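Here is the structure we will look at, set down as structure tokens.
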Amino acid sequence: MNAAQSSLTREADCPPHDPECKHLAGLRAVALLEMLKGLLGLTAGFALFSLLHRDIGDVAENVIEFLHLNPAHRFVQNFLQAADRVSDKKIVALACVGFAYAAIRFVEAYGLWHARAWAEWFAIISGSAYIPWEIIEVVKHHSGIRWAVLIINIFVVLYMIYVRWDTLHERSIREELTADTLQATGYRDTVKGNNT
């Protein structure tokens with residue numbers, strides 16, 4: 001049986017009313033989002049490595065020409081000056097950061113896909129860590145993309161908190177029921193033993 005078949009079998013064996021599987025679809029949606037972030041990190045890393053041993057100033061000028069930007073604009077001048085200061089060491093360091101980010105996102109996506117509690121906690125912590133910076137970015141620079149990123153991140157964090165709360169709540173209910181059942185069964189066994 002290959003991986004695709006085992007995944008389908010697991011979903012087929014996972015009815016919606018089963019508390020162990022109740023959040024599987026939502027967790028997998030978040031896992032796909034994390035996988036997308038990981039792919040973006042990989043792409044950025046490889047794109048940065050493609051710039052090694054090239055004149056970044058020339059690359060920046062080509063980008064400005066391609067986008068038909070005004071070279072006299074202050075933003076464009078700052079961009080060109082920053083591009084001239086980029087060294088191969090900085091490119092390698094940034095590419096490594098992109099690869100590390102991708103690895104973290106892929107590990108998180110794996111854990112969420114398989115409904116692991118550690119991945120749910122990690123998603124809450126890492127998602128919450130970005131929210132203050134996203135709010136600052138929205139306040140400084142209003143744009144639809146920044147608003148969308150902030151709203152999606154808040155939604156994901158709130159959903160992951162709900163999943164953890166619901167899972168822990170379900171577990172405590174099951175433990176109470178199990179304890180009550182054992183207590184009732186133990187009591188009946190004691191009563192039967194006294195009657196004989």
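Restricting the first member to region 143-165 and to residues that are under 17 Å from Leu24 (Cα atoms) and not assigned by TED's automatic domain parsing to the domain that holds Ser128, and the second to residues that are exposed (fewer than 15 other Cβ atoms within 10 Å of the Cβ) and modelled with pLDDT of 95 or more, no beta-carbon pair is closer than 8 Å while six or more apart or on different chains. Being among the small types (Gly, Ala, Ser), in a helix (DSSP H, G or I) and out of contact with any Gly (no Cβ under 6 Å at 6 or more places or on another chain) is a description that applies to Ala129. Applying the condition of being of a type outside the set (Asp, Glu) and touching a Gly at 6+ places or on another chain (Cβ under 8 Å) to region 64-93 and asking which residue is surrounded by the most Cβ atoms within 10 Å (Cβ to Cβ) yields Ala83. You will find that of Glu108, Glu137, the residue that is free of Cβ contacts under 8 Å to residues at least 60 places away in the same chain and acidic (Asp, Glu) is Glu137 and no other. Which numbered condition trips up Trp147, out of (1) over 21 Å from Ile104 (Cβ atoms); (2) surrounded by 14 or more Cβ atoms within 10 Å (Cβ to Cβ)? Exception for Trp147: condition (2).
Taking region 1-112 as the region of interest, none of the helices (runs of 4 or more DSSP H) fully inside it holds 1 or more residues being at pLDDT 95 or above, among the β-branched types (Val, Ile, Thr) and in contact with a Cys (Cβ under 9 Å, 6 or more places away or on another chain).
The condition of being in a helix (DSSP H, G or I) and either under 20 Å from the mean Cα position of the chain (by Cα) or farther than 27 Å from Gly111 by Cα (or both) holds for only one of Arg164, Arg171, that being Arg164.
Residues in region 129-161 that are more than 23 Å from Lys22 (Cβ to Cβ), within 13 Å of the chain's Cα centre (by Cα) and hydroxyl-bearing (Ser, Thr, Tyr): Tyr130 only.
The values are calculated or read from the model by the stated rules, or taken from the named source; none is laboratory data. All values derive from a computational prediction rather than experimental measurement. A quick note on method: Cβ atoms are made from the backbone with ideal geometry, for glycine too, and the neighbour counts reach across all protein chains shown.
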